[in-house]
Amino acid sequence: MWGGTMGNLSETSSKAASEPAYIPDEQQSITVLAIGCRERGDPAAAFALIRLDAPGRKIYVSALPPETLATVNIKTDTLTGFYDYGGAQMAEEAVQNAYGVYINRYVRVSMSAFCTLFDLLGGVEFAPPYDAAFRVQENLSPPSAGKQLLDGKRAYELFAAPGTDELDQVHLQTQILGAFIDQHLTSRAVKASESLFDAMINRVDTDVTRYDYSFRVEALEAAASSQDKVKEVLVQGENTSEGFVPERGTLAEFSAEKIE
């Protein structure tokens, strides 16, 4: 019996060794523009890019200044202005032109949906910058110094807090999103992600489809098992009297061929 068991294990190991490891395909990569509004129908208050780099087994995340200047056709405006003028699709074009990236999908998230997502996954462990305690809004209690577990309400409080300048604020937003994704993108979470997708899809406005999700589950699981699965990209540029002018190539990590 012992010999038979060992023989079976040996055969199983041999088969496993001969089976090729799963290699994510570039077609499974996707870049999503997240648009934050306090309530559905309100002006856009925040923008962020999230990219699944399937072959690289990595997630890139970068918050963008809402006052980023862009030109679409002959019109020049900020990202917020373009969103107010033509909705999510116009905002997509503005981001693409301003930063030289291609966006596959968008998702518009309200304050309540933001908080729900954070709470469903158990919040995020994060150490707010010391000065963030003096930047909170709505008379909510300021965060204490050091690492702490933020629920959805506290995460939103920090996310929406005005910075000393626009870059300061969006860099903090990038760090919060990066920490959240890094802590919750696990193989176990990906295996249970179908129920999370169903729970969230009706709470947001998006053109992400169930096919988009199912086509990329294996790539997400590959990223979840990666050593360095998340990279926070801090956008750089210059604030002018007209708006924010991005530094050339500041989001090079998000540049890729067009994938539908």
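A short reminder: the numbers here are calculations on the coordinates, not readings from a lab. Model, not experiment: these values are computed from the prediction. All Cβ positions, even for glycine, are placed from backbone atoms using ideal geometry, and neighbour counts span all protein chains on display.
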Handout entry: Neighbours by Cβ (under 9 Å, 6+ apart or cross-chain): first from the stretch 237-250, free of Cβ contacts under 8 Å to residues at least 60 places away in the same chain; second β-branched (Val, Ile, Thr)
Key = Glu238/Val245; Glu247/Val235
Problem - Complete set of residues in the stretch 163-197 that are part of a helix (DSSP H, G or I) and more than 17 Å from the chain's Cα centre (by Cα) - result: Glu166, Leu167, Asp168, Ser187, Arg188, Lys191, Glu194, Ser195
Handout entry: Extreme residue, farthest from the chain's Cα centre (by Cα), among residues of the stretch 74-128 that are of a type in the set (Phe, Trp, Tyr) and surrounded by fewer than 18 Cβ atoms within 10 Å (Cβ to Cβ)
Key = Tyr85
Exercise for the section: Sort out which residues of the stretch 215-260 are assigned to a loop (DSSP other than H, G, I, E, B), among the polar types (S, T, N, Q) and closer than 30 Å to Asp165 by Cα, and write them in order of number. Expected result: Gln236, Thr240, Ser241, Thr250, Ser255
Exercise for the section: Kindly indicate the residue of the stretch 198-214 that is assigned to a helix (DSSP H, G or I) and charged (D, E, K, R) and also nearest to the chain's Cα centre (by Cα) among those meeting that condition. Expected result: Asp212
Completion exercise
Scanning the stretch 34-56 residue by residue, those under 18 Å from Asp77 (Cα atoms) and touching an Asp or Glu at 6+ places or on another chain (Cβ under 9 Å) turn out to be Ile35, Pro43, Ala44
